[in-house]
1. Taking θ = phi - 60°, what integer Hz values does the Karplus form 6.51 cos²θ - 1.76 cosθ + 1.60 yield along region 159-169, in sequence order, with x for Gly and Pro?
2. Going 7 Å from the Cα of TRP150 along its beta-carbon direction, which residues of region 42-78 have the amide nitrogen within less than 18 Å of the resulting point?
3. For the chain, give the percent of accessible area contributed by carbon and sulfur heavy atoms, probe 1.4 Å, rounded to a whole number.
4. Which percent of the Cα-Cα distances in the chain go past 22 Å?
5. Could you give the alpha-carbon Rg of region 44-148 over 2.2 N^0.38 Å, rounded to two decimals?
6. Starting from the Kirkwood radius over alpha-carbon pairs of region 30-97, derive D by Stokes-Einstein at 20 °C in a medium of 1.002 mPa s and give it in µm² s⁻¹.
7. Per q in 0.14, 0.15, 0.24 1/Å, what log10 I(q)/I(0) does a Debye calculation on the alpha-carbon atoms of region 124-227 return?
8. Residues of region 53-195: accessible area per residue at 1.4 Å, in Å²?
Amino acid sequence: MTATEAAEHDRPREAAIASVAPEPAPGAPPPRTPLLSRAAAELLGTALLVAIVIGSGIQATELTQDVGVQLLANSIATVFGLGILILLLGPVSGAHFNPVVTLAEWWTARRGGAGVTAREVAVYVPAQIVGAIAGAILADAMFGKPLVEWSTHDRSAGHLLLGEVVATAGLILLIFGLARTNQLRFAPVAVASYIGAAYWFTSSTSFANPAVTIGRTFSDTFAGIAPGSLVGFIGAQLVGGVVGLALVAVVFVQGRSAE
């Protein structure tokens, strides 16, 4: 059988395969990454983010006693690390790394927008928390610290909680504002830049993330937070998430198409 005859022989089989598995309709959304892969990306991304935050804080305190320089080193490392993580893992899971972002996306999906389902929230949030704890333990291990040492850094003052409300509201406003204006391609730079700025303009140094907050209780270092401050910080972050969504609804009003 010649090559031409072989090709002719295979055409009916190829046509049958094509009829069984038709191509997606034009304009149809691409298939989503399996949930297990997305959960793994959220766990890995949150773990590396916390390792960056805590590890750079430890490194900074070992190199200098100047608190301003310590915060500068910590914020610069976080900006670059967060930007890279969003760029790398965003196409897989959306690079939430943050229960408030996940819950906000679920809420917008309930109201007709794109976002995660309740089942996906139930997978994402535990993955983020486990990742944050693992990242804290990893950072402590890399610098020869006790693997688990509860932080003694009290952050319960009211002005710090206000700082967390502002930091989280701004983060949600930024992310969902970018989504409303079709500019999410700028998220790696925009989100990392905002967090870097919020390190300095908020009194709390912008945790803005319940999972990261939980992880940071496991390390008694520069970036830690005492377990006793945990409930207040997470409550402030949730309030900030609600405020952020309200601001998105007011500022980014989507126009109706003409009838």
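1. Taking θ as phi minus 60°, the curve returns 5, 6, 5, 4, x, 5, 4, 5, 4, 6, 4 Hz for region 159-169.
2. Within reach of a label on TRP150, which here means backbone N under 18 Å from a point 7 Å along Cα→Cβ, region 42-78 contributes nothing.
3. Values: 9210 of 13570 Å².
That fraction is 68 percent.
4. Working: 19457 of 33411 pairs.
Cα-Cα pairs in the chain separated by more than 22 Å: 58 percent.
5. Details: Rg = 15.9 Å, N = 105, 2.2 N^0.38 = 12.9 Å.
After normalising by residue count via 2.2 N^0.38 Å, the value is 1.23.
6. Details: Rh = 12.9 Å.
Translational D for this selection: 166 µm²/s.
7. Once normalised to I(0) and log-transformed, intensities are -0.62, -0.70, -1.25.
8. Details: 6870 Å² over 143 residues.
That works out to 48 Å² for each residue.
The values are calculated or read from the model by the stated rules, or taken from the named source; none is laboratory data. Remember, predicted model here, so these are calculated numbers, not experimental data. Positions of Cβ are generated from backbone atoms using ideal geometry, with glycine treated the same way; all protein chains shown enter the neighbour counts. Keep in mind that these areas ignore ligands, DNA and RNA; they rest on the heavy atoms of the full protein, side chains included. Shrake-Rupley method; radii C 1.70, N 1.55, O 1.52, S 1.80 Å.
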